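Bear in mind that the values in this text are calculations on the coordinates, not laboratory data. It should be emphasised that the depicted structure is a prediction, and the values quoted were computed from it without experimental measurement. Note that each Cβ is placed from the backbone with ideal geometry, even for glycine, and that neighbours are counted across all protein chains shown.
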Amino acid sequence: MNDMLQLHTPACIAPLELEGLGFHHRGQALLSDLCLRLDGCRRTLVLGPNGAGKSLLMRLAHGLLPPTHGRVRWQGEIPRQAMVFQRPVLLKRSALDNLCYALGVNGTPWRRRRPLAREALERFGLGALARRPARVLSGGEQQRLALARAWLLEPRMLFLDEPTSALDPAAIKAVEDAVTDFHRRGTRILMSTHDLHQARRLADEVIFLCGGRLLEHTPAERFFTAPATPQAAAFLRGELVW
């Protein structure tokens, strides 16, 4: 099938800088003094133990939450973004109509919405489920529908918050294949996961959080072979890290 959307040029994606980023809630620092820069068209995987601040980082970087300290700054034109959550947010309507609605919000002329939506459903293996209510789809099908919706929006940057947790192996592979397709199209990826095998398969670089702090931001091969901090080394050994 021919791509309905043209490939983007990775070099055109504006760098994203997080400067002294912090988030406090009820007097507790959940994320503290985080500084990093994301540029190019990399697949950046966010790793860390439970409670490290992975999901919070995703929401702050995407602009869903305002930081209590520091700032999120784009070095250039703010690119189109999309986010896929661990549990997709879907409307009470068919799979097809979920995509048509997103296209409408995006300003796509109504005559083009259904053809584009159907093509996206086919791309993500959901063509036979076009008329099925989105909320009765299986977990893997819902996640693919969320990815199809993101694909239609042509994001230059895609945030994925543990998109394969609780999915079976076939559904995990389908999601990972979709992430690879986004990346090949020129989309920058920022994705959190608790699955080290998945991170090894997908990551170009790794962000490692622990206790709400950024401990490492490094190429994936270096992180997995020679982690720079004892916390990361313990995490890779499967030990509890606090």
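What shape does region 76-141 take by its C-alpha gyration tensor, where a ≥ b ≥ c are the square roots of the eigenvalues and a/c under 1.5 counts as rounded, a/b above b/c as prolate, and the rest as oblate? The shape class here is oblate.
Taking a ≥ b ≥ c as the square roots of the eigenvalues of the Cα gyration tensor of region 19-133, is the shape rounded (a/c under 1.5), prolate (a/b larger than b/c) or oblate? Prolate, since a/c reaches 1.5 and a/b exceeds b/c. Selection among Ala148, Ala232, Pro219 by position relative to the dipole of the chain gives Ala148 as farthest towards the positive end (Cβ unit charges, Cα centre).
Between Leu236 and Val89, what is the FRET efficiency for a Förster distance of 30 Å, r being their Cβ-Cβ separation, to the nearest 0.05? Could you put the intermediate results ahead of the total?
On the way: r = 33 Å, r/R0 = 1.09.
My answer for the efficiency is 0.40.
Computed over region 149-220, the P(r) tail beyond 14 angstrom holds 63 percent of alpha carbon pairs.
Tell me the volume per residue, in Å³, of the convex hull enclosing the alpha carbons of the chain.
Values: hull volume 32.7 nm³, N = 242.
Considering the Cα atoms of the chain, their hull volume per residue is 135 Å³.
Placing a pseudo-label 7 Å from each Cα along the Cα-to-Cβ vector at Thr108 and Arg184 gives an inter-label distance of 2.1 nm. Were the residues from Asp33 through His197 laid out at 0.36 nm apart, the gain over their Cα-Cα distance would be 56.2 nm. In the chain, Cα pairs under 8 Å separated by at least six residues give a relative contact order of 28 percent. Here each label is just a point 7 Å from Cα along the line to Cβ, and for Gln75 and Ala166 those points are 3.9 nm apart. Taking the chain as a Gaussian network, where each spring joins two C-alpha atoms under 10 Å apart, which residue of Ser32, Ser138, Ser192 fluctuates the most? So, out of Ser32, Ser138, Ser192, the one fluctuating most is Ser138. Within region 8-91, the GluC sites (Glu not before Pro) that combine a DSSP coil assignment with at most 10 other C-beta atoms in a 10 angstrom radius are Glu77. Applying a DSSP loop filter and a limit of 13 other Cβ atoms within 10 Å to the GluC sites (Glu not before Pro) in region 143-242 leaves Glu239.
By the scheme Lys and Arg +1, Asp and Glu -1, what is the net charge of all other residues having a beta-carbon under 12 Å from that of Cys41? Walk me through the intermediate numbers first.
Values: positive: Arg42, Arg43, Arg156, Arg184, Arg185, Arg188; negative: Asp39, Asp204, Glu205.
With Lys, Arg at +1 and Asp, Glu at -1, the neighbours total +3.
Ignoring trypsin sites (Lys or Arg not before Pro) that are buried or in helix or strand per DSSP, and keeping those with at most 11 other beta carbon atoms within 10 Å, what is the longest stretch of the chain between them?
Working: sites that count: Arg26, Lys92, Arg131, Arg237.
My reading of the result: 132-236 is the longest stretch.
Using a Gaussian network model of the chain in which every pair of alpha carbons under 10 angstrom is joined by a spring, one finds that among Ala228, Ala14, Ala134 the greatest mean-square fluctuation is at Ala228.
Length available on full extension from Arg135 to Arg59: 0.36 nm per residue minus the Cα-Cα distance, which gives 25.0 nm.
I'd like the distance between the alpha-carbon centres of region 121-141 and region 30-72, rounded to an integer number of Å. After rounding, the separation between the Cα centres reads 31 Å. In order along region 38-43, the phi-based Karplus estimate (6.51 cos²θ - 1.76 cosθ + 1.60, θ = phi - 60°) of 3J(HN,Hα) comes to 10, 9, x, 10, 8, 9 Hz; Gly and Pro are listed as x.
Once the dipole of region 16-112 is set up with Lys and Arg at +1 and Asp and Glu at -1 on Cβ about the Cα centre, which of Pro79, Cys35, Thr108 lies farthest towards its positive end? Of the options given, the answer is Thr108. Largest GNM mean-square fluctuation among Val105, Val84, Val175, using the chain with Cα springs under 10 Å: Val105.
Considering just Cα atoms, how many Å³ per residue does the convex hull of region 8-58 enclose?
Measuring per residue, one finds 87 Å³ for the Cα hull of region 8-58.
Could you give log10 I(q)/I(0) at q = 0.09, 0.12, 0.13, 0.14 Å⁻¹ for region 88-220, computed by the Debye formula over C-alpha point scatterers of equal weight, without solvent? Result of the Debye calculation: -0.29, -0.50, -0.58, -0.66.
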